[in-house]
């Protein structure tokens, strides 16, 4: 029984995150449509998309592709995001935590982009090869500021790497926390492959880039991975920066508010910016966001050692 | 079975193929994405790759040069898929029908490799966006009965 309970929690929270992610996908598309004065898709749109790809369409494997790597990459990406979802929800609900689970989360969140590169390289298409090289550069861009930004809540939680420990502090209500949160939101934008940083996908220049050769069920896996990431990234940010969730009526309402606020910010950034070139993205992340994250870390260390709360 | 047909019908992704059109039909296709017509109401979006597509929106008169490319794109598309022949040129080669550089025509080129292909014709030069939306809705009606 004691073994089955955490497994059940993981499965239930992964499935729940999947549904939340599909709902957020719809929210994202509907909001985009309303911002452009369009009517937008009906509420069941992501479900219809996934069912169509899973049940109706045939799965094509290009003759130049390496079948195994091509097909297994989306599965690994989806399962790693599912594990992150289970980990975060079990911290939020049961406060179960292990030493260094933040590092596990950072690693697991790195797997979907890596699997995108693997699948794209295995597909044997020149468009996908360009997309894979761009995705690689993009990982180099955003991973450094992302980790630096996550260091700030670690310092606020008295150098603890446990998410269950970090959830008891709210670094957002300090100067360093606000800077780190902004940096983390931009890094999450690139991790999600949303528009100013959808360089690897670039529909109008390299025709979908990394996913150009996927069809049918593997494409549905990629769709689901994206949807789950859209649900998991705000969840991670709320957990480490913004105090997680309290299971009271007001607490749950506040949690939903925070969640929708973060997703809305993501969508607004996506709708008000054109796609950047890879060199512009690199300059933005390394020359602007990384120094900002370093300053946030320094402020947090000063605040911690001198016991100044608002730093 | 009904679920499959429902999902396919409600989520048609469009890939746009130009087989030598004068660009007028293409402008009208892009018009479908604007606030006035907004094809996303029906769950239709433009995608960048034929592998993702359910609908091939073909414009142009299918010249000799572009005919093998059109057939290759049709082979690359994941089945089941629908072909929309948009404009007079795509329907019956328009005023270029007896020209020296014409291929077999969009419908004949596709029927040559798949006799059971679903092809819908949208006549007009260029057809109105309303006509294309009507064709899309007819395609959805058609997909209710298609066996998957």
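The values are calculated or read from the model by the stated rules, or taken from the named source; none is laboratory data. Everything numeric here is computed off the predicted structure, so don't read it as measured data. Positions of Cβ are backbone-derived with ideal geometry, glycine not excepted, and every protein chain shown enters the neighbour counts.
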Of the residues in segment A:237-275 that are more than 15 Å from residue A:188 (Cβ to Cβ) and crowded, with 18+ Cβ neighbours inside 10 Å, the one that is modelled with the highest pLDDT is A:255
Quick check: is even one residue across segment A:155-170 modelled with pLDDT under 90, surrounded by fewer than 24 Cβ atoms within 10 Å (Cβ to Cβ) and out of contact with any helix residue (DSSP H, G or I) (no Cβ under 9 Å at 6 or more places or on another chain)?
-> yes
Kindly indicate whether any position in segment A:199-216 is closer than 19 Å to residue A:302 by Cα and in a helix (DSSP H, G or I).
-> no
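Got a sec? Which of A:52, A:39 is within 8 Å of another protein chain (Cβ to nearest Cβ), part of a loop (DSSP other than H, G, I, E, B) and either over 30 Å from residue B:140 (Cβ atoms) or touching a helix residue (DSSP H, G or I) at 6+ places or on another chain (Cβ under 6 Å) (or both)?
From the options A:52, A:39, the qualifying one is A:39.
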Which fully enclosed helices (runs of 4 or more DSSP H) of segment B:36-113 have 1 or more residues being under 16 Å from the mean Cα position of the chain (by Cα) and within 13 Å of chain A (Cβ to nearest Cβ)?
-> B:67-76
Taking residue A:22 as the residue in question, decide whether it is away from every other protein chain (no Cβ under 11 Å), out of contact with any strand residue (DSSP E or B) (no Cβ under 6 Å at 6 or more places or on another chain) and under 25 Å from residue B:46 (Cβ atoms).
-> yes
Only one of A:143, A:213, A:205 is surrounded by fewer than 24 Cβ atoms within 10 Å (Cβ to Cβ) and either in contact (Cβ under 8 Å) with a residue 60 or more places away in the chain or within 13 Å of another protein chain (Cβ to nearest Cβ) (or both), namely A:205
Hey, among B:51, B:75, B:64, B:36, which residue is under 23 Å from residue B:8 (Cα atoms) and surrounded by fewer than 18 Cβ atoms within 10 Å (Cβ to Cβ)?
-> B:75
Hits in segment A:93-126 - residues which are over 17 Å from residue A:70 (Cβ atoms) and either in a helix (DSSP H, G or I) or modelled with pLDDT of 90 or more (or both) = A:93, A:94, A:101, A:102, A:103, A:104, A:105, A:106, A:107, A:108, A:109, A:110
Selection from segment B:1-21 of residues within 16 Å of the chain's Cα centre (by Cα) and more than 7 Å from every other protein chain (Cβ to nearest Cβ) yields B:9, B:12, B:13, B:14, B:15, B:16, B:17, B:18, B:19, B:20, B:21
Out of (1) touching a strand residue (DSSP E or B) at 6+ places or on another chain (Cβ under 8 Å); (2) over 16 Å from residue B:67 (Cα atoms); (3) in contact (Cβ under 8 Å) with a residue 60 or more places away in the chain, the odd one out for residue B:133 is which?
-> (1)
What is the one condition in (1) facing chain B (nearest Cβ under 9 Å); (2) touching a residue at least 60 places away in the same chain (Cβ under 8 Å) that residue A:29 does not satisfy?
-> (2)
